[in-house]
1. Suppose the filter is under 21 Å from MET37 (Cβ atoms), modelled with pLDDT under 80 and surrounded by 11 or more Cβ atoms within 10 Å (Cβ to Cβ); does ARG264 pass it?
2. When the residues of the stretch 1-15 are narrowed to those that are in contact (Cβ under 8 Å) with a residue 24 or more places away in the chain and polar (S, T, N, Q), which ends up farthest from ASP136 (Cα to Cα)?
3. Name the pairs: first residue in the stretch 216-233 and of a type in the set (Val, Ile, Thr), second residue open to solvent by 50 Å² or more (accessible area, probe 1.4 Å) and in a loop (DSSP other than H, G, I, E, B), Cβ to Cβ under 6 Å, at least 6 apart or on different chains?
4. Any idea which of (1) part of a loop (DSSP other than H, G, I, E, B); (2) open to solvent by less than 80 Å² (accessible area, probe 1.4 Å) is the one GLU301 doesn't satisfy?
5. Can you work out which of the residues in the stretch 204-226 that are more than 15 Å from ALA169 (Cα to Cα) and in contact with a strand residue (DSSP E or B) (Cβ under 9 Å, 6 or more places away or on another chain) is modelled with the lowest pLDDT?
6. Could you give every pair whose Cβ atoms fall below 8 Å, whose first residue belongs to the stretch 251-262 and is farther than 15 Å from GLN160 by Cβ, and whose second residue is surrounded by fewer than 11 Cβ atoms within 10 Å (Cβ to Cβ), counting only separations of at least 6 or pairs across chains?
7. Only one of (1) modelled with pLDDT under 80; (2) in a helix (DSSP H, G or I); (3) touching a helix residue (DSSP H, G or I) at 6+ places or on another chain (Cβ under 6 Å); (4) not charged (D, E, K, R) fails for VAL99. Which number is that?
8. Tell me which residues, restricted to the stretch 57-90, are on the phi > 0 side of the Ramachandran plot and at pLDDT below 85.
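The values are calculated or read from the model by the stated rules, or taken from the named source; none is laboratory data. Quantities reported herein were computed from a predicted structural model and do not represent experimental measurements. Virtual Cβ from ideal backbone geometry, glycine too; neighbours counted across all protein chains shown. These area figures cover heavy atoms from the full protein model, side chains too; ligands, DNA and RNA do not enter into them. Shrake-Rupley method; radii C 1.70, N 1.55, O 1.52, S 1.80 Å.
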Amino acid sequence: MQDVSSLVARAREGRPRAVARLISLVEGASPQLREVMAALAPLTGNAYVVGLTGSPGVGKSTSTSALVTAYRKQGKRVGVLAVDPSSPFSGGALLGDRVRMSEHASDPGVYIRSMATRGHLGGLAWAAPQAIRVLDAAGCDVILVETVGVGQSEVEIASQADTSVVLLAPGMGDGIQAAKAGILEIGDVYVVNKADRDGADATARELNHMLGLGESRAPGDWRPPIVKTVAARQEGVDEVVEALEKHRAWMEEHGVLTTRRLARASREVETIAVTALRERIGDLHGDRRLDALAERIIAGELDPYRAADELVEGLTRG
């Protein structure tokens with residue numbers, strides 16, 4: 001058993017091993033998870049969470065690394081959660097954190113962690129909300145969450161981030177993909193990366209046109225900017241940071257940041273409650289209560305919805 005209070009204290013001091021251990025407890029659904037979350041709760045709420053999403057090949061990892069460089073120049077501590085596909089053999093992330101962003105590996109002001117999706121749909125690991133909380137409590141000013149490039153299920157990042165950045169690249173059919181995937185609804189900032197390629201201007205124009213279709217924004221509403229970058233050469237990255245800061249200021253001015261964080265906390269509570277309930281239902285297989293309800297359904301005495309209501313009522317009472 002870990003000494004949670006000691007781990008949290010060391011994480012607050014910026015010790016990477018303590019942060020790593022806390023996130024491992026989260027990923028492993030440790031019996032100490034409740035104790036960890038209780039200890040972290042008073043220390044959170046200060047980090048700015050930025051989600052980066054987009055189709056495979058648009059340069060999410062390169063853009064994330066470039067943003068880390070830009071924020072470090074401002075003296076900010078940065079945490080990165082790079083969510084990777086799971087290995088079918090070990091269940092671990094296929095890509096390593098140090099392989100992705102080796103230039104930041106020795107920087108004590110940067111903490112990078114690869115997380116495996118473990119089969120979870122939506123581009124994010126199921127433990128991502130708690131891992132974000134660990135990095136927040138550990139004193140990160142900015143947390144960058146880079147999702148798996150899985151196309152249409154990428155929209156989940158919008159529920160976990162304060163600001164969502166959608167990356168596209170010329171010559172990849174991203175305009176059509178954007179329309180199909182619904183990412184036009186989730187982006188707060190759009191980035192056309194690899195802008196030194198032919199077609200970058202056309203991609204930006206097409207995106208601008210699509211953003212304007214059916215637009216019904218009131219005066220003062222946020223209009224997502226489109227920024228062109230060559231992340232591999234750090235070109236345009238400062239403009240992305242400027243757009244992010246403008247969006248954060250707009251959200252704070254209009255109360256949107258608080259609203260988003262309230263919704264995020266509500267979803268997290270709901271997910272934990274549903275997971276706990278599902279586990280309790282799973283434990284009922286072979287239990288006489290479940291069999292009795294099934295017998296009443298077969299006999300026509302009860303419909304499945306009422307049976308489910310009775311089961312939930314029994315579980316919540318007991």
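1. When the stated conditions are applied, ARG264 does not pass them.
2. GLN2
3. VAL230/ASP196
4. Among (1) part of a loop (DSSP other than H, G, I, E, B); (2) open to solvent by less than 80 Å² (accessible area, probe 1.4 Å), GLU301 violates only (2).
5. LEU211
6. HIS254/GLY220
7. All conditions pass for VAL99, except number (3).
8. GLY57
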